[in-house]
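The values are calculated or read from the model by the stated rules, or taken from the named source; none is laboratory data. All of these numbers come straight from a predicted model, not from anything done at the bench. Every residue, glycine among them, receives a Cβ derived from its backbone with ideal geometry; neighbour counts consider all protein chains shown. Each accessible area value is taken on the protein alone, full model and side chains, heavy atoms only, with ligands, DNA and RNA left out. Shrake-Rupley method; radii C 1.70, N 1.55, O 1.52, S 1.80 Å.
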Amino acid sequence: MGGKTALLYSERFLDYNLGPLHPLRPIRVKLTHDLIQSKRLVNGNIASIMTPRMASEEEILLFHEREYVSLVQKYSERGSGLLDAGDTPAFKGCFEATSLVVGASLEGCDEIMSGRFTHAFNPSGGLHHARPERASGFCIFNDPAVSINYLKTKYKLKRLVYLDIDAHHGDGVMYGFYNDPSVLDIDLHESGKYIFPGTGFPDEIGGNEARGLKLNIPLPPGTGDQAYMKAFRKLVPDIVRRFRPEIILVQCGADGHAEDRLAHLRLTTHMYGEVVSEMHSLAHELCQGRLLLFGGGGYTLANVPRVWTVAFATLAGARLDNTIPDGWSREFSELTGEDPPKGLQDEPTTDDLKTTGEVDKVLRELATYLSL
Ligand SMILES: [Zn+2]
Ligand SMILES: [Zn+2]
């Protein structure tokens with residue numbers, strides 16, 4: 001399929017730090033970059049590292065309200081305060097840190113739209129919960145939402161696909177574009193009956209002209225690769241093809257992986273590879289390969305770098321063996337105090353009849369709302 005992949009990376013991504021006891025650990029982004037490097041996936045022919053820029057205030061205002069942006073600036077200077085009901089504390093320099101996350105995603109948009117790269121990955125991005133007027137769920141500014149509006153205004157795109165496979169519902173993006181027919185938003189997540197943010201049910205299909213262009217697929221806790229892929233394949237490729245996107249954006253939160261500290265799905269690197277591979281093929285088939293990948297959640301440090309390395313290698317078209325380089329394993333132990341993972345890839349998980357039955361029920365329910 002060809003094409004080059006950009007990895008947006010700066011050590012300054014580590015500045016997005018909500019505190020030493022906070023479950024969102026910025027070190028996961030550095031560990032991802034270092035694992036990708038140690039697997040020798042960055043070589044001039046297939047992939048390069050690009051240094052991100054900061055988003056300007058004007059760009060952040062493409063999605064966020066001015067009053068909220070000013071509040072983030074004030075709290076950022078002061079180095080204290082809560083930006084939502086309690087999960088997202090302000091810290092010194094948080095305005096600059098989150099502007100860099102947004103800037104990296106916008107840089108990814110520019111690299112792809114200019115044709116310099118076919119795909120781009122911002123592992124610090126995917127902050128999909130933030131709302132126009134407030135922070136939410138560890139997310140200060142919503143970089144996927146700003147990216148969508150940036151692509152619409154700067155590049156005049158009219159048909160964008162946003163797929164969100166984070167374990168949590170991408171509510172900030174979904175409701176930010178709920179009535180917008182230029183965005184097909186597909187969101188697979190652990191059901192809001194069990195986890196944050198408690199939204200994203202099959203009857204939410206978009207409003208006005210956008211009816212049928214928002215798909216929510218809530219999954220029961222314990223869903224493994226087999227049932228997940230069945231749901232994905234049944235719904236996603238056909239609807240994406242019918243929509244004929246000009247670009248595909250994928251939020252690839254790694255918290256759907258088995259044994260995540262905050263969520264309860266049972267996915268493996270195998271499923272992430274399959275989903276990214278499918279979206280990658282669709283991008284080449286439908287929109288000259290244009291695909292922007294974001295990180296997202298992911299709270300078990302032994303999993304996140306592996307999931308994102310598999311996703312990145314899939315975009316770059318590189319083959320991966322299962323070994324974890326010794327140097328990276330030592331670094332992992334030193335930085336985290338935890339045991340390093342044994343292999344890069346997991347064995348796929350299967351599903352019992354109960355989970356498969358529950359997922360089938362969700363698909364039937366969704367079909368009635370969409371009259372598929
Ligand atoms: Zn490609
Ligand atoms: Zn999440």
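The table below lists the values:
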quantity: Long-range HN-HN contacts of residue 215 with modeled amide H, under 5 Å; calculated: 185, 186, 187
quantity: At R0 = 22 Å, FRET efficiency that the Cβ-Cβ distance of residue 78 and residue 58 yields, to 0.05; calculated: 0.40
quantity: Cα-Cα P(r), the chain, percent of pairs per 20 Å interval; calculated: 32, 62, 6
quantity: Per residue accessible area of the range 39-157, 1.4 Å probe, in Å²; calculated: 38 Å²
quantity: Cα gyration tensor, the range 54-170 - rounded (a/c under 1.5), prolate or oblate; calculated: prolate
quantity: Contour excess over end-to-end distance, with Cα ends at residue 11 and residue 347 and 0.36 nm allotted per residue; calculated: 117.8 nm
quantity: Base-10 log of normalised Debye intensity for the range 188-332 (one unit scatterer per alpha-carbon) at q = 0.10, 0.14, 0.17 Å⁻¹; calculated: -0.38, -0.73, -1.06
quantity: The chain - percent of accessible surface contributed by carbon and sulfur, probe 1.4 Å; calculated: 49 percent
quantity: At q = 0.19 Å⁻¹, base-10 log of I(q)/I(0) for the range 13-88 (Debye sum, equal scatterers on each alpha carbon); calculated: -1.00
quantity: Alpha-carbon radius of gyration plus Dmax, which is the widest Cα pair, for the range 221-294 in Å; calculated: 13.1, 37
quantity: Distribution of pairwise C-alpha distances over the range 120-276, 5 Å bins, in %; calculated: 2, 9, 19, 24, 23, 15, 6, 2, 0
quantity: Highest average packing first - 120-130, 329-339, Cβ atoms within 10 Å; calculated: 120-130, 329-339
quantity: Within-11-Å neighbourhood charge of residue 300 [Cβ basis; K, R +1; D, E -1]; calculated: 0
quantity: Rh by Kirkwood over Cα pairs, then Stokes-Einstein D for the range 262-326 at 1.306 mPa s and 10 °C, µm²/s; calculated: 122 µm²/s
quantity: Cα centroid of the range 67-133 to Cα centroid of the range 288-339, whole Å; calculated: 22 Å
quantity: Sorted peptide list for 297-303, 255-261, criterion being average Cβ within 10 angstrom, highest first; calculated: 297-303, 255-261
